Amino acid sequence: MDPRLSTNLLNPQGFSKSRTKIFSCRLFCSRLLTVALLLRPFLVSAQALELDIAHGLISGYGYSIYGRLSPGESDLWAVIDTGSPYTSVMSKEWYEKALGPGSCERSSFGCYHCPEPCQRSPTISITYRDKTVSSVFLHRDTVKLGKTVIPDLEFGVQFDQKPPPQEKTPANIVGLSLGGSRGYDPLLNQLVQKSLIHSQTFAVYILPDVKKGWRSGKLLIGGGNPSLYKHPLRYVELGSKDEYMVKLKSMNIGSELTLIGINEDLLLGVTGFAKQNYAK
C-alpha cells in the first residue's frame, strides 16, 4: 500500500474541499464490491493496471472509493466512480478563485493546473445523480495511474459547478463506466486503444481490515488477480443492463442465516438503500 495513502487518506484533511449535457453518477453511485466487479462475464488475469485505493467516509463528501491520479505535474486524490464514464480533475484557477488562494493545497483532493497554451474547448456539462452539474473542458496530458504512465490521455478539467464549491464539495473523478457523450472517449476505451490493457474489464478489491474507519484495497483495470479472492469465483446474474443490480435472497445476521421474506433488487456497493428493514 502506498505510504501516502496511509498518511493522506486514512487521516483525511477537512474539505473547504459547445456544451453537451450528460447524466452520470457521483458519490453513492460508486459500485463497491467486496470481492470483484467486472464489466464483462470473465476475469482476465494478464496485463492489468494496478492502483492502491481506500474506502471510507470524508466529511463534506461522503462514503466512496479513493485513489491516486497524477496528470502532468499534479499529484491528486480522486473518487473511483464505476457509474460514470467521465474522468475529470478540478481546475486550480477555478477552485482557488472560488475558495481563495491556497485552497487547493488545503483540500484533500488537490487541483490540476492546465499549462499554457491551454485550449479550453470543447466543453461538456455533466449532471450527476446527486443533481450536481459539473462543467468541464476536454484536455490531454500525460497521466500516471498507479505505476503506469499514460501519454496523451484525454480527460475533463472542471471549470464550473452548480451548486458552487462553497456549497457542495467538488472532486476529481476516475470514471470506469462505458458510454459518454459523442466526441469523448472513456478511460477504459483509451487504455485499450493504447494497448495498455486487453479488455474493458476492471476489478475492485476491498480488504476486510479497518484502520480509523478506512479499508484499503486494489483497483485492477484490464484484469484481475486470482490470489486476491476465494476460489472458485462465482458469477451472479445482473438484473439490469444499466446498473450493477442483483437479487438479494438471503443475509447473515450475526451467525444466523436469514431467508424468510428476503427477495429484492440490490444495487451493489450503495450504502444503506434497502426497501425494508429485515433485522428483527
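Here, each number is a calculation from the coordinates, and none is a lab measurement. Owing to the predicted nature of the structure, the values given are computational and were not obtained by experimental measurement. Note that we place each Cβ from the backbone using ideal geometry, even for glycine, and neighbour counts take in every protein chain shown.
Distance check, please: which entries in Lys144/Lys218; Lys92/Lys162; Lys194/Lys218; Lys194/Lys230; Lys131/Lys218 exceed 24 angstrom between their Cα atoms?
Lys194/Lys230; Lys131/Lys218, as the Cα separations exceed 24 Å there.
Just rank Ser91, Ser108, fewest to most, by other beta-carbon atoms within 10 angstrom.
Ser108, Ser91
Can you list the residues, at least 5 places off or on another chain, whose amide H is less than 5 Å from the amide H of Phe202, using H built in the peptide plane?
Amide H neighbours of Phe202: Leu39, Arg40, Gly222.
³J(HN,Hα) across the stretch 166-177 via Karplus (A = 6.51, B = -1.76, C = 1.60, θ = phi - 60°), whole Hz, x for Gly/Pro?
5, 9, 9, 5, x, 8, 6, 9, 9, x, 10, 7
Quick one: which residues, 5+ away or cross-chain, put their amide H under 5 Å from the amide H of Ser64? H built at 1.01 Å from N.
Here the answer is Gly56, Ile58, since their amide H atoms fall under 5 Å of that of Ser64.
Explain nothing, just compute: Karplus ³J(HN,Hα) = 6.51 cos²θ - 1.76 cosθ + 1.60, θ = phi - 60°, for every residue of the stretch 75-90 in order, whole Hz, x for Gly and Pro.
10, 10, 9, 9, 6, 8, 10, 7, x, 10, x, 9, 9, 8, 10, 7
Quick one: which residues, 5+ away or cross-chain, put their amide H under 5 Å from the amide H of Leu76? H built at 1.01 Å from N.
Amide H neighbours of Leu76, under 5 Å, 5+ apart: Leu69, Ser70.
Using 0.36 nm per residue of separation minus the Cα-Cα distance, give me the extension gain between Lys230 and Lys211 in nm, one decimal.
Additional length available on full extension: 4.6 nm.
Under the Karplus relation 6.51 cos²θ - 1.76 cosθ + 1.60, θ = phi - 60°, what is the ordered set of whole-Hz ³J(HN,Hα) values for the stretch 198-214, x standing for Gly and Pro?
9, 8, 7, 10, 9, 10, 10, 10, 10, 6, x, 5, 10, 10, 6, x, 10
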